[in-house]
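Quick notes on the structure that follows.
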Amino acid sequence: MVTWNEQLSVGIDEIDNQHKQLLKIINELSESIDGPKSEALIGLTLMKLANFAKYHFATEEKYFLQYGYPEAEDHIKKHNDLVRDIQVFFDRFFNDSQDILAELISLLDKWLEDHLGNEDMKYAAYFRENNLIK
Ligand SMILES: [Fe+2]
Ligand SMILES: [Fe+2]
């Protein structure tokens, strides 16, 4: 489980708050692994995750454009890859009624560690070095 701490701050409140929200949704999914499984609740949380991830990525990409981030293209590709991966799990869950939870959580945990921990830190460093944020 990944928890938010100051080291994950990108220096923009709007994005930090979204990261906290994203972690909260993913932790909700993790919790439903152990607890009694309600298909309806898992489905709802999956939809929340898919929608929120897209919304969060659009916010970051807005800043990339606004601040002329040179690595934007590569970063946006990584966002799109995750949206596509979530969609695959989504289809397996809703169309084929597969138990995808453990596999999805493991992918999300790895993704969070790498993406929040490394990729998002790169734009934060760029924004800071160029005095675009505090
Ligand atoms: Fe992010
Ligand atoms: Fe990102």
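The values are calculated or read from the model by the stated rules, or taken from the named source; none is laboratory data. This one's a predicted model, so the numbers in the text were calculated from it and none came from an experiment. Here the Cβ is made from the backbone with ideal geometry for all residues, glycine too, and neighbour counts use every protein chain on show.
Yes/no matrix, rows are residues, columns are (1) more than 18 Å from SER30 (Cα to Cα); (2) at pLDDT below 95:
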site	(1), (2)
GLU61	yes, no
ILE76	yes, no
ASP81	yes, no
LEU101	no, yes
LEU108	no, no
ASN118	yes, no
ARG128	yes, no
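Quick check on this structure: which one of LEU101, LEU44 is farther than 17 Å from VAL10 by Cα, more than 14 Å from ligand 2 (Cβ to nearest atom), in contact (Cβ under 8 Å) with a residue 40 or more places away in the chain and over 12 Å from the mean Cα position of the chain (by Cα)?
Just one listed residue meets the conditions, LEU101.
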